[in-house]
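Structure first, commentary second.
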Amino acid sequence: MWSDESILELLMRGGAVGAFLGLAVVIARGPFAPARVTGILFCLAAAAHTLTQQGGLGSALGASWPAVWAFSAMGAGLFWAFATELFGDRPRLRAVHLAPSALLLVIAVSAVNGVWPKGLWLAHNLVGAALMAHVLVVIWSGWRNDLVESRRRLRGPLLAAAAIYAVAVIGVQVFEILWRPADDLSPLGAAMLFALGLAGMGALLQAEPDLFATAAVLPPALLPAAAALSAEDAKLAERLDPLMRRDRLYRDETLSISALALKLGVPEYRLRRLINRQLGHRNFNAFINQWRLGDARQALSDPAEREVPISTIALDAGFQSLGPFNRAFKTETGLTPSEFRASALGSGGKGGARTPGATS
């Protein structure tokens, strides 16, 4: 005979599973993107974790149980992959981004079949906690530079979700491993999962089409027509251009969107909207780096600067160090700075790629 508490818990778990599966469907609606793939995988893992915390479902699920259990074991790693892809603007999904999930699965399988289960499960949860801590850093550190309004709105809920996961789920499981046998999560835990799933679904249903775009700069198809811009925004664009082109504010390595907005005498939200919706940049660093890389390409293509060290060119353009410059340059051009210089000067050309919008 089932108690009222058991029925409530079952309903909560069923609701949580349905919410996460519904969220997966919402995320899947659209073109391929790394954040879509990892988001779907995380939703499946969250639904699986909800199921594995309900005792007695193994036999009911039959042959599908190993897959459900595996997804559950990889949950923290897939949440990490989703968050870092969503906020990282990476152009493609690489297998290494799923490595933490694979590590968690290996540890979980070893714990089930090994001779030191408590220690391995503790390690599994500690790795999960470390991944959640990194998610917190990623979400928080990129908040101010994020220009995609729908994604900025998601940072708060995902920040809270990561913290809740780290404290509530991992904390409870570590306590169970160390001090008492593992039990099912309480109805309160199931209710938290249900609420989290519904909150995530609601947030993504309100998201803009470019939320899952695959690059730091939006494709033209996702940009609104220029005619949609207000007269105030058009004037703001006219004031912004000379600050970058003539005054070269991008060379200030400490330049932030708040400082630039202050320089223009406008609220930050207006500047964010302009850079995102007219110029197509998904984060402020991408906007600034476009100018810095154009400056560097121009210098590397100039025979008069043949002997200037690449590190000097990078620092003069506004990069804080050579490493980030090299990575950004290779991503932008497909060549290292040295290869680009050799190609440009070897052909005898003076006018390699110019800073954005420059005229001859």
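Structural remarks
- The lone exception for Ala47 - which of (1) within 16 Å of the chain's Cα centre (by Cα); (2) in a helix (DSSP H, G or I) it fails: (1)
Here's the yes/no breakdown for (1) of a type in the set (A, V, I, L, M, F, W, C); (2) crowded, with 18+ Cβ neighbours inside 10 Å:
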position	(1), (2)
Phe79	yes, yes
Ala83	yes, yes
Asp89	no, yes
Ala95	yes, no
Leu98	yes, yes
Leu103	yes, no
Pro117	no, no
Gly128	no, yes
Trp143	yes, no
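- With respect to the conditions (1) in contact (Cβ under 8 Å) with a residue 40 or more places away in the chain; (2) surrounded by fewer than 22 Cβ atoms within 10 Å (Cβ to Cβ), Leu159 falls short on a single one, namely (1).
- Helices (runs of 4 or more DSSP H) fully within segment 62-173 counting 2 or more residues that are out of contact with any strand residue (DSSP E or B) (no Cβ under 7 Å at 6 or more places or on another chain), closer than 30 Å to Ile275 by Cβ and not hydrophobic (A, V, I, L, M, F, W, C): 75-88, 117-141, 149-164
- When the helices (runs of 4 or more DSSP H) confined to segment 231-281 are screened for residues that are open to solvent by less than 30 Å² (accessible area, probe 1.4 Å) and more than 17 Å from Gly318 (Cβ to Cβ), those reaching at least 3 such residues are found at 231-245, 268-277.
- So Ala45, is it farther than 20 Å from Gly15 by Cα, among the aliphatic types (A, V, I, L, M) and open to solvent by less than 60 Å² (accessible area, probe 1.4 Å): no
- Against the conditions (1) on the phi > 0 side of the Ramachandran plot; (2) in contact with a Lys or Arg (Cβ under 6 Å, 6 or more places away or on another chain), Gly334 satisfies every one except (2).
- Within segment 20-37, considering residues that are among the small types (Gly, Ala, Ser) and without any contact (Cβ under 8 Å) to a residue 60 or more places away in the chain, the one surrounded by the most Cβ atoms within 10 Å (Cβ to Cβ): Ala24
- Qualifying residue in segment 56-70 (condition: open to solvent by 40 Å² or more (accessible area, probe 1.4 Å) and touching a Ser or Thr at 6+ places or on another chain (Cβ under 9 Å)): yes
- Check on Arg292, farther than 25 Å from Gly323 by Cα, open to solvent by less than 60 Å² (accessible area, probe 1.4 Å) and among the charged types (D, E, K, R): no
The values are calculated or read from the model by the stated rules, or taken from the named source; none is laboratory data. Keep in mind that this is a model prediction, so the values were computed, not measured. Please note: Cβ atoms are built from the backbone with ideal geometry, for glycine as well, and neighbour counts cover all protein chains shown. Each accessible area value is taken on the protein alone, full model and side chains, heavy atoms only, with ligands, DNA and RNA left out. Shrake-Rupley method; radii C 1.70, N 1.55, O 1.52, S 1.80 Å.
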